[in-house]
Protein chains: 4
Amino acid sequence: MKRGEVRSDIAWADPTRVVIHGLDLCTEIVGKVDFGDMAFLQIFARLPASESERRIFNAMMVILVEHGITPSSLATRMTYCGAPEAVQAAVAAGLLGLGSVFVGSLDNAAQMLQEAIPDKAAPGDIPAIARDLVASYRQKKQIIPGIGHPFHKPVDPRTGALFQVARDTGYFGPYAELMTAIGAEAERVTGRGLPVNVTGAMAAVASQMDIPWKVCRGLAVAARAIGLVGHILEEMRNPMADELYLRIEHEATAHMIPKP
Amino acid sequence: MKRGEVRSDIAWADPTRVVIHGLDLCTEIVGKVDFGDMAFLQIFARLPASESERRIFNAMMVILVEHGITPSSLATRMTYCGAPEAVQAAVAAGLLGLGSVFVGSLDNAAQMLQEAIPDKAAPGDIPAIARDLVASYRQKKQIIPGIGHPFHKPVDPRTGALFQVARDTGYFGPYAELMTAIGAEAERVTGRGLPVNVTGAMAAVASQMDIPWKVCRGLAVAARAIGLVGHILEEMRNPMADELYLRIEHEATAHMIPKP
Amino acid sequence: MKRGEVRSDIAWADPTRVVIHGLDLCTEIVGKVDFGDMAFLQIFARLPASESERRIFNAMMVILVEHGITPSSLATRMTYCGAPEAVQAAVAAGLLGLGSVFVGSLDNAAQMLQEAIPDKAAPGDIPAIARDLVASYRQKKQIIPGIGHPFHKPVDPRTGALFQVARDTGYFGPYAELMTAIGAEAERVTGRGLPVNVTGAMAAVASQMDIPWKVCRGLAVAARAIGLVGHILEEMRNPMADELYLRIEHEATAHMIPKP
Amino acid sequence: MKRGEVRSDIAWADPTRVVIHGLDLCTEIVGKVDFGDMAFLQIFARLPASESERRIFNAMMVILVEHGITPSSLATRMTYCGAPEAVQAAVAAGLLGLGSVFVGSLDNAAQMLQEAIPDKAAPGDIPAIARDLVASYRQKKQIIPGIGHPFHKPVDPRTGALFQVARDTGYFGPYAELMTAIGAEAERVTGRGLPVNVTGAMAAVASQMDIPWKVCRGLAVAARAIGLVGHILEEMRNPMADELYLRIEHEATAHMIPKP
């Protein structure tokens, strides 16, 4: 792009048409392209090229939608109870905490994999790469992303499910092999159970799909937005936010209230 | 729910399972349920019961994803340029403006339709309802939601596309008839072209699917989150935010700068 | 402003100066104007004209800063625990719920007062206005904003504190009289204790200061941002978010977990 | 805190009192404590101990309030134009971009200073520390935070203004000396003009006040919230968002529109 140029290649419209990534919304998308393919179109600027590509992308996206009662869904519910007229704000509030602690490990794992194997057609000596990575993280005293889980143990059941779809569709490649080798190497040197977790599995699949690691967090955030709408709907029907904040306020400040 | 109860019926997990709306994520969702059905599951607590239901839901959702360069996508791009490490914040910023001006007309239209026809099995005299509604809005000097469009004229092409899918799938029912009758009546009494716009069409379809009007904004917000990820991806590769803010700053404040 | 013009009158800069509302930041603001006056400057485009004006403005602002453990501060804490690197997102999440339920009554009360007395120099018959307003709200079955409090009863102690400053500074005028008369009239017709609450008192003071009602929520939001930073600081040192979400998750989903 | 404890020490209330950091809101704060001192109270859990402490804190805070037309204020204006009823969302949107690019350098500079001088009573050999820091950043090819400015050159006028207040109040100490020495050393080794900028000056002052570097971004965010309310007020009276987005949409997508 030339300096000073302001240009977008995503969509244009005239009074009779809306065109998104080259497809006419009215004649080529509505009723023909489903929501998963539409999400794919936004990321890749093209529709999936095969049923396999469609299937692995959808499998990854559905894992990200709903994670139950989390700090994220509680932020949404707290916000909804103060501003029920601004549903967009309640969704946004729940997305804002999808940072380094909860979703950041997905970025980190994908970055680790993509930097270790810049070209998936020439992955190199995967066991050696895994050994070097594990040694390097241990030397820097950093947590290796994508392995181990505090709750889902001894194994994260989602990893097996996603990797099976990856095998079925041809997306179990060098990144999944490296991620698996990293888990095994980490188990070997630490003596602890550190199998690939769902984050590591998603990072491997996203990398095999050529999704840049910086975009992974965006996909997680967009999928979670749908999950948060489910929590808003439940909060409308069956609220918990008021009960919770009054309880917490009482418990957290009781030590300061003067005794009569 | 009993007073003081804190309860969610969406999802639960144990170390070996994650269950969402009664479906096992690993054995019944990943690789089997696509992203559109997953969104449906979050709203209805069940999967689509038919291919028709799936198709109309997906048709509605894809329309909401991408609206090009809008205040919303610009807020996302401006936020990304200041906090590129916090992609979740950039998505959230773009969602925050999906309020009364841009997405609120969807809520308003759905509310109007759902209050006018509380029971779609007994819609009543639709032309009479339309006459009363138009007269009532005109008397209150309020804008009738769901009809007319400043840019897509004489007709909004998205309405025809969505209503065609609605007809094909059996979701062109009393709400679509009422919305169409409202447009016709408004045209009759004002003498202006006021056909059903995309917002009116979506409101009619959502109502026919029994989606409560208060949830409509949530669906729009969640779908747009995906669109905004596309804008972040483009801003990563081909940024416009820096160029824009410097230009705007210059133009907006030039009148205050002392002449040399 | 001419159509198509893009103009801001707030601030400009050249390499050697920054000028905000006509004041040179380096020579006329830093070290000379305090934070309260700076907030005043942003709203009124001038510094306070008198010590009285300064004092009443500061009195109103400090009430808005800290409200303890609320849905708002909990949303901030939940967001901080997921994205501790993005403090701006944690503050923003806490602001997002300052909507119709918690802060909206301030807007509503100020709007009610400002529409009832468009010109404070000619307030008219205040008792009659109060009677008409109370009758009108009761007829519409709407809650009258600014009176009564579920927790601070029989009287809200903040009202007396703020109204005393208003009396001391000459800002107890027609709006405060009207707000007080509304409370008395509502008590008379309902037989319940409905004295002016802090929201009503702030609305009366803001109106007397000629602050447009639409801006009142903005002031509340900005003041609360400071309070939320205090909650983030405490969450850094003494976190509660993790403990809370795990507890809530357990309680809310226990009914779904299969018994062994 | 014991594991499992949920405790806050900020505020408590009973029906007749609200107590914040040990001060009674109604009898000790309203009308007595100004907005700057209230912000100080939220950060330090005490009021300023001296006029000097008050003055340097206020001087730092006022610098952060208003930065004109920036990506942040544009995100606020774009959000306001879509959701004018949700002013809290417009403020939040503007805060969300206060991340690594614009405000992060304040955190970074404060972290650099506080880690280099853990105990300001025993600062060590400041010129040597500066030499080591500059060498270390250059070796890592990282930008040294707090020095140089693309627009305010050859010197940032705000640095002199803030440092003068720091000298007047006794807060020009080891951190300001180190920041100045870093700028001088960087100029020496690069041959370029790299004096301390406003960010570096604020980081030095905040460090001298014992404000933890992680809190610095929070202060910046809270102060900017006030500035953004000023932009919302101007956007209410004199909007630019609609004009801007239509212009930008036209320019950015013109290359895709078919020629007739």
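Output the number of residues of the range C:188-204 satisfying the condition of being in contact (Cβ under 8 Å) with a residue 12 or more places away in the chain and either outside any loop (DSSP other than H, G, I, E, B) or within 11 Å of chain D (Cβ to nearest Cβ) (or both). Steps first, answer last, please.
First, pick out the residues of the range C:188-204 that are in contact (Cβ under 8 Å) with a residue 12 or more places away in the chain: C:189, C:192-204.
Subset that is either outside any loop (DSSP other than H, G, I, E, B) or within 11 Å of chain D (Cβ to nearest Cβ) (or both): C:189, C:196, C:198-204.
The number of residues fulfilling the criteria is 9.
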Condition set closer than 27 Å to D:Ile248 by Cβ and more than 7 Å from chain B (Cβ to nearest Cβ), scope the range A:28-48, selection surrounded by the fewest Cβ atoms within 10 Å (Cβ to Cβ): answer is A:Arg46
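When only residues in the range D:205-226 that are part of a helix (DSSP H, G or I) and more than 12 Å from the chain's Cα centre (by Cα) count, which is nearest to the other protein chains (Cβ to nearest Cβ)? Please lay out each step first, then the result.
Within the range D:205-226, the first condition is being part of a helix (DSSP H, G or I), and the residues that meet it are D:205-208, D:213-226.
Next cut, more than 12 Å from the chain's Cα centre (by Cα) only: D:207-208, D:226.
Numbers: D:Ser207: 16, D:Gln208: 15, D:Ile226: 4 Å.
Here the residue is D:Ile226.
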Hey, any hits in the range A:44-54 for a residue that's touching a Gly at 6+ places or on another chain (Cβ under 8 Å), touching a residue at least 60 places away in the same chain (Cβ under 8 Å) and of a type outside the set (Ser, Thr, Tyr)? no
By residue number, the members of the range A:118-131 that are more than 25 Å from the chain's Cα centre (by Cα) and within 14 Å of A:Glu187 (Cα to Cα) are A:Pro127, A:Arg131
Taking the range C:142-193 and keeping only residues that are over 17 Å from C:Leu106 (Cβ atoms) and touching an Asp or Glu at 6+ places or on another chain (Cβ under 7 Å), one is left with C:Gly193
Checked the range A:40-86 for anything outside any helix (DSSP H, G or I) and over 25 Å from C:Gly82 (Cβ atoms); matches are A:Ala45, A:Arg46, A:Leu47, A:Pro48, A:Ala49, A:Ser50, A:Glu85
With criteria (1) modelled with pLDDT of 95 or more; (2) touching a Phe, Trp or Tyr at 6+ places or on another chain (Cβ under 8 Å); (3) part of a helix (DSSP H, G or I), A:Asp107 comes up short on (1)
Residue pairs within 7 Å by beta carbon, gap of at least six or interchain, first lying in the range A:124-151 and touching a residue at least 40 places away in the same chain (Cβ under 8 Å) and within 14 Å of chain B (Cβ to nearest Cβ), second among the hydrophobic types (A, V, I, L, M, F, W, C) and in a loop (DSSP other than H, G, I, E, B), listed first then second, are A:Gly148/A:Leu194
D:Phe163 meets each of (1) more than 8 Å from every other protein chain (Cβ to nearest Cβ); (2) farther than 15 Å from D:Met61 by Cα with one exception, condition (2)
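Table: residues versus (1) modelled with pLDDT under 95; (2) out of contact with any strand residue (DSSP E or B) (no Cβ under 9 Å at 6 or more places or on another chain); (3) among the charged types (D, E, K, R).
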site: B:Ala11; (1), (2), (3): no, no, no
site: B:Asp14; (1), (2), (3): yes, yes, yes
site: B:Val19; (1), (2), (3): no, no, no
site: B:Gly22; (1), (2), (3): no, yes, no
site: B:Cys26; (1), (2), (3): no, no, no
site: B:Val30; (1), (2), (3): no, yes, no
site: B:Asp34; (1), (2), (3): no, yes, yes
site: B:Glu51; (1), (2), (3): no, yes, yes
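Can you tell me which residue is surrounded by the fewest Cβ atoms within 10 Å (Cβ to Cβ) among those in the range A:146-178 that are hydrophobic (A, V, I, L, M, F, W, C) and in a loop (DSSP other than H, G, I, E, B)? Can you show your working first?
We begin by selecting, within the range A:146-178, every residue hydrophobic (A, V, I, L, M, F, W, C); these are A:147, A:151, A:155, A:161-163, A:165-166, A:172, A:176, A:178.
With in a loop (DSSP other than H, G, I, E, B) added as a condition, the list becomes A:151, A:155, A:172.
On the way: A:Phe151: 8, A:Val155: 16, A:Phe172: 21.
Going through the qualifying residues, I end up with A:Phe151.
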When (1) within 29 Å of B:Ala90 (Cα to Cα); (2) assigned to a loop (DSSP other than H, G, I, E, B); (3) touching a Pro at 6+ places or on another chain (Cβ under 8 Å) are applied to D:Leu98, the one that fails is (3)
Only unsatisfied item for B:Glu85, checking (1) among the acidic types (Asp, Glu); (2) touching a strand residue (DSSP E or B) at 6+ places or on another chain (Cβ under 6 Å); (3) without any contact (Cβ under 8 Å) to a residue 24 or more places away in the chain, is (2)
In the range C:49-93, residues that are more than 7 Å from every other protein chain (Cβ to nearest Cβ), buried (at least 24 other Cβ atoms within 10 Å of the Cβ), more than 15 Å from the chain's Cα centre (by Cα) and farther than 15 Å from C:Arg224 by Cβ total 1
Review point. Scanning for something away from chain D (no Cβ under 12 Å) and among the hydrophobic types (A, V, I, L, M, F, W, C), does the range B:95-106 turn up at least one residue?
Key: yes
In the set A:Leu41, A:Leu96, the lone residue that is hydrophobic (A, V, I, L, M, F, W, C), under 26 Å from B:Val101 (Cα atoms) and within 18 Å of the chain's Cα centre (by Cα) is A:Leu96
B:Val101 fails exactly one of (1) aliphatic (A, V, I, L, M); (2) closer than 21 Å to C:Leu98 by Cα; (3) crowded, with 24+ Cβ neighbours inside 10 Å; (4) out of contact with any Phe, Trp or Tyr (no Cβ under 7 Å at 6 or more places or on another chain), namely (3)
When (1) in contact (Cβ under 8 Å) with a residue 24 or more places away in the chain; (2) surrounded by 16 or more Cβ atoms within 10 Å (Cβ to Cβ) are applied to C:Asp242, the one that fails is (2)
Per the filter on the range D:114-156, residues in contact with a Leu (Cβ under 6 Å, 6 or more places away or on another chain) and closer than 24 Å to C:Cys26 by Cα are D:Ile147, D:Gly148
The one condition D:Pro174 fails out of (1) touching a residue at least 60 places away in the same chain (Cβ under 8 Å); (2) more than 7 Å from every other protein chain (Cβ to nearest Cβ) is (1)
Item to complete: Confirm whether C:Ile232 is β-branched (Val, Ile, Thr), over 30 Å from D:Gly4 (Cα atoms) and either surrounded by fewer than 20 Cβ atoms within 10 Å (Cβ to Cβ) or within 11 Å of chain D (Cβ to nearest Cβ) (or both).
Response: no
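The values are calculated or read from the model by the stated rules, or taken from the named source; none is laboratory data. Just so you know, these numbers come straight off a predicted model, no measurement behind them. Here Cβ is always computed from backbone atoms with ideal geometry, including for glycine, and neighbour counts include all displayed protein chains.
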